[in-house]
Amino acid sequence: MSLGMKPRPGRTEGLWRKFRDFFSAGSGRSFDLLLDKLLVRAGWVPEMMDGSGRILHISDTPTCMYGYLARLLRRVNPSVVVHTGDLADDIKLEIYPGEAERYRAAARRIMDILLAPRRKIIISLGNHDKRALLPSLPSQCVICDNDDVMDITLYGEKFRVSHYFESILGKPARYNLFGHSMETPSFSDGEERCFFNGLEKMRLIGPKDAGITIFSYPKSANDARLARRNRKGP
């Protein structure tokens with residue numbers, strides 16, 4: 001029989017409310033700020049920062065990291081995203097062409113994540129990508145086939161973009177972005193040219209101030225890239 005009384009909270013719930021109220025009240029202490037710091041430390045979200053006028057370089061993204069990528073883009077909001085190929089790197093479309101529909105769904109999902117108002121998207125397709133399976137894309141998205149190289153100027157600096165390191169060597173630019181293999185690590189030469197391998201880390205590049213902010217990939221990304229997880233189907 002109900003007497004119109006609210007149920008008494010359990011011990012765990014009561015402690016959680018006290019903890020939340022303590023950090024939400026007075027002295028400038030914020031529970032939300034504390035929680036944010038804990039999530040950053042745990043690797044669930046990246047640091048919050050202003051990505052305006054900056055370029056985020058990513059590459060060879062397995063589907064397991066799409067959630068983290070979405071959170072990163074919300075918290076950093078870069079003006080440009082450069083993806084140097086293999087949009088769904090765990091599907092391995094070149095090896096398993098029968099996975100075409102799975103790739104099509106993954107490509108639609110990552111494009112929904114990447115696109116944002118006034119954000120430019122540059123994609124150099126990889127060996128596990130297929131242009132015909134990509135969704136219809138707006139004009140703000142520029143696509144380069146995987147056997148090509150793209151030269152582009154962003155915020156006054158020249159960029160050379162390709163899936164393959166070998167493709168950018170002919171006429172390297174100030175910033176040279178590639179992926180595909182870990183055989184060539186990132187480096188800079190004596191002429192202040194940077195060569196960034198997008199498999200190692202995600203990098204937020206600021207051409208105006210030459211600033212570079214590095215974000216680590218989720219720990220599961222490399223396992224998925226190397227197909228260490230059990231596959232279902234062919």
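The values are calculated or read from the model by the stated rules, or taken from the named source; none is laboratory data. Values in this document were obtained by computation on a predicted structure and should not be read as measured data. Cβ coordinates were reconstructed from backbone atoms using ideal geometry, including for glycine residues, and neighbour counts include every protein chain displayed.
Worth a mention:
- Summed over the range 66-80, residues that are within 25 Å of residue 159 (Cβ to Cβ), over 8 Å from the mean Cα position of the chain (by Cα) and not hydroxyl-bearing (Ser, Thr, Tyr) total 6.
- Filter result (among the hydrophobic types (A, V, I, L, M, F, W, C) and either in a loop (DSSP other than H, G, I, E, B) or out of contact with any Cys (no Cβ under 8 Å at 6 or more places or on another chain) (or both)) within the range 115-150: 115, 116, 125, 132, 133, 134, 137, 141, 142, 143, 144, 149
- Screening residue 222 on (1) over 27 Å from residue 104 (Cβ atoms); (2) at pLDDT below 90; (3) not hydroxyl-bearing (Ser, Thr, Tyr) shows it passes everything except condition (1).
- The residue list 173, 224 contains one member that is in contact (Cβ under 8 Å) with a residue 12 or more places away in the chain and assigned to a loop (DSSP other than H, G, I, E, B), which is 173.
- Residue 98 passes every criterion in (1) closer than 25 Å to residue 201 by Cβ; (2) in contact (Cβ under 8 Å) with a residue 60 or more places away in the chain; (3) not hydroxyl-bearing (Ser, Thr, Tyr) apart from (1).
- Contact annotation: residue pairs with Cβ atoms under 7 Å, 6 or more positions apart or on different chains, pairing a residue in the range 106-126 that is in the same structural domain as residue 151 (by TED's automatic domain parsing) with a partner that is of a type in the set (Lys, Arg), are 125/131.
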